[in-house]
1. Please work out which residue is nearest to N213 (Cα to Cα), limiting yourself to the stretch 89-130 and to residues that are open to solvent by less than 40 Å² (accessible area, probe 1.4 Å) and acidic (D, E).
2. Considering the stretch 457-483 alone, what residues qualify as being farther than 16 Å from I510 by Cβ and either modelled with pLDDT under 90 or aromatic (F, W, Y) (or both)?
3. Within the stretch 153-184, which residues are touching a Lys or Arg at 6+ places or on another chain (Cβ under 7 Å), part of a helix (DSSP H, G or I) and free of Cβ contacts under 8 Å to residues at least 40 places away in the same chain?
4. Under 9 Å between Cβ atoms, which residue pairs at least 6 apart in sequence (or on different chains) link something in the stretch 387-406 that is free of Cβ contacts under 8 Å to residues at least 24 places away in the same chain and open to solvent by 10 Å² or more (accessible area, probe 1.4 Å) with a partner that is part of a strand (DSSP E or B) and among the basic types (K, R)?
5. Would you be able to tell me the number of residues in the stretch 53-66 that are surrounded by fewer than 15 Cβ atoms within 10 Å (Cβ to Cβ) and not in a loop (DSSP other than H, G, I, E, B)?
6. Given (1) open to solvent by 40 Å² or more (accessible area, probe 1.4 Å); (2) farther than 22 Å from P360 by Cα; (3) among the hydrophobic types (A, V, I, L, M, F, W, C), identify the lone condition not met by L305.
7. What are the residues in the stretch 392-421 that are assigned to a helix (DSSP H, G or I) and among the β-branched types (V, I, T), if any?
8. Has the stretch 356-368 got at least one residue that is open to solvent by less than 30 Å² (accessible area, probe 1.4 Å), under 30 Å from G421 (Cβ atoms), within 24 Å of the chain's Cα centre (by Cα) and not basic (K, R)?
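The values are calculated or read from the model by the stated rules, or taken from the named source; none is laboratory data. Because the structure is predicted, anything quoted here is derived from the model rather than measured. For neighbour counting, all protein chains shown are included, and Cβ atoms are generated from backbone atoms with ideal geometry for every residue, glycine included. Each accessible area value is taken on the protein alone, full model and side chains, heavy atoms only, with ligands, DNA and RNA left out. Shrake-Rupley method; radii C 1.70, N 1.55, O 1.52, S 1.80 Å.
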Amino acid sequence: MNSTNPPSSSKNENSFGKLLEQWESQSEQEKEANSGRGQLIEGTVVDVSPDTVYLDIGEKSEARVPREDFSETPKRGEKITAILKRRAEGVAILSKKEADQRVGWESVKDAFSNGYPISAKIVDDIKNKGYLIESEGIQMFLPASHVGVRFKEATEGGKEFQVKIIEINDKTKTGVVSRKTLLDEINGEKWEELLTKVKIGDKITGKVVKIANFGVFLSIYEVVGLLRQSDISYKKFAPFKTDFEIGMEVEVVVLELDKENNKLSLGLKQLKEDPWEWAKRELEKGMVVRGPVTSLTNFGAFVELMEGLEGLIHTTELSWSKKPPHPKDVLKKGQEVDSEILDIDFENRRLSLGLKQTLPNPWDSLSANVRAGNILDGKITGITKYGAFVEVENGIEGLVHISDITWDEREKNPLGLLKKGQDIQYKVLDVNLDAQRISCGLKQLTEHPFEGLRKKYPPGTLVEGKVKSLVNFGVFVEIEPGYEGLVHISEIPDGRNANLEELFKVGETIKTVVVKIEPNNKKISLSIKDFDKAVEREEMAKYIKEDGSPSRESIGSFMNLNNNR
């Protein structure tokens with residue numbers, strides 16, 4: 001889009017209608033704008049979705065910022081300052097756009113008070129009346145009569161140009177700017193002298209004349225140039241104000257010379273080698289490097305290898321434990337650490353580091369005691385929604401899955417039976433060295449309840465129980481509290497033709513015989529039809545035993561109902 005002829009916008013016309021009126025009539029009647037947008041909060045980017053940027057602000061829940069507030073997609077680990085708008089269900093809703101505008105407005109006021117020029121871009125053309133421009137996130141009005149000479153050339157292609165603020169309104173956070181006034185104030189002789197002595201790329205010494213929120217102004221041969229914050233250090237968002245003083249001499253590099261727009265851009269970091277160029281030459285995967293911890297977040301720790309070059313140790317790379325620790329539990333800010341380079345992405349300037357790789361892997365020295373079937377003692381180190389972690393040895397943890405805590409299916413909250421720090425005895429169920437995973441169990445320390453029932457009630461055992469429910473395929477009978485068996489209709493005399501509701505009542509006691517108990521399927525099969533036969537066989541067994549004949553055990557095949565089916 002040609003910035004000198006942007007499309008008209010009715011929205012912008014409405015927004016700046018009063019500004020036009022103020023400029024033409026010098027009226028002071030305006031509605032008071034919203035103020036007090038809330039507290040300024042600094043956070044670290046932890047994740048980005050198509051419509052939301054998530055920040056770690058040191059609270060339990062991550063704060064949220066609309067993605068549309070960012071001109072470029074922020075990267076994980078980047079520091080962001082935003083304004084607290086509101087809280088919704090404990091989640092902080094922030095606005096980076098308003099924070100930028102607040103900071104930008106302070107810069108605008110400072111420039112207006114001290115007469116400094118500002119850089120701006122055209123946002124919209126307001127029907128030949130002038131232009132809507134934006135600087136530091138603040139939109140202001142540039143009247144057509146104040147555009148100055150060679151305006152099209154200075155702004156085509158969306159280029160920034162410099163203007164001078166000639167009027168501001170603190171209530172509406174808007175103002176009026178003039179390019180013509182600035183050009184008239186520029187001393188052509190000073191620029192001519194500068195251009196004869198300096199060219200782009202030259203190293204030059206300047207004197208600090210102003211320190212702003214966004215950078216430092218230096219005088220070079222009496223022409224004021226701007227050293228932006230982004231050109232001071234390769235380290236993003238590095239504090240800089242305390243490094244400069246008014247009157248201080250600083251060596252810089254000339255980045256841009258634009259006499260027509262009175263634009264002199266300077267650089268300090270360009271005096272040093274780009275740290276990523278150094279990284280391309282000196283670093284490779286697998287190397288062990290050393291540096292101080294610069295920041296700790298919920299997802300990892302950042303380590304500085306040199307100014308402007310940081311690597312991330314993700315939480316999963318801090319320890320060999322399957323349950324990643326919080327970075328603050330392992331490292332401290334400022335601590336010097338050794339780490340291994342896991343990956344280098346030169347294109348996106350990302351460096352992944354690992355701390356655990358510099359430490360002995362406890363899985364390589366796992367003792368022979370840690371084998372499936374062995375019973376061990378340990379302490380519960382943590383509880384999650386899917387189970388409890390137990391310390392096995394040397395920092396290795398095993399998982400007791402929630403399904404392996406108790407045999408009691410009536411227990412609604414098995415995890416409530418355990419506490420962090422509790423000493424327990426457990427059984428090793430599986431050891432997977434390749435996956436570095438150990439599965440443990442507590443319920444396996446005792447016999448499966450259905451296995452106990454199977455031993456107690458072998459096939460052919462007579463048992464009385466209460467009718468618990470009637471279904472179209474049989475009757476459920478409780479033989480012990482919490483254990484029900486099914487009398488299938490095929491095990492009820494003439495069951496397929498009988499009316500079960502007439503034959504049985506819920507709560508009444510009936511006599512059955514055990515057909516079989518299947519522990520793996522948790523299934524108990526009963527029979528009423530064979531009850532009389534079982535009674536006869538039991539009487540015969542008693543008779544034989546009393547007569548000195550073979551015992552019941554010796555005729556087990558005769559007594560087993562399964563052998564007659």
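1. Here the residue is E98.
2. Once the filter is applied, which keeps residues that are farther than 16 Å from I510 by Cβ and either modelled with pLDDT under 90 or aromatic (F, W, Y) (or both), the stretch 457-483 yields G460, N472, F473, P481, G482.
3. T181
4. Within 9 Å, the pairs are E391/K379.
5. Number satisfying all stated conditions: 0.
6. Only one criterion in (1) open to solvent by 40 Å² or more (accessible area, probe 1.4 Å); (2) farther than 22 Å from P360 by Cα; (3) among the hydrophobic types (A, V, I, L, M, F, W, C) is unmet by L305, namely (1).
7. Listed by number, the list holds a single entry, I402.
8. Within the stretch 356-368 (the criterion being open to solvent by less than 30 Å² (accessible area, probe 1.4 Å), under 30 Å from G421 (Cβ atoms), within 24 Å of the chain's Cα centre (by Cα) and not basic (K, R)), the answer is no, since none of the residues qualifies.
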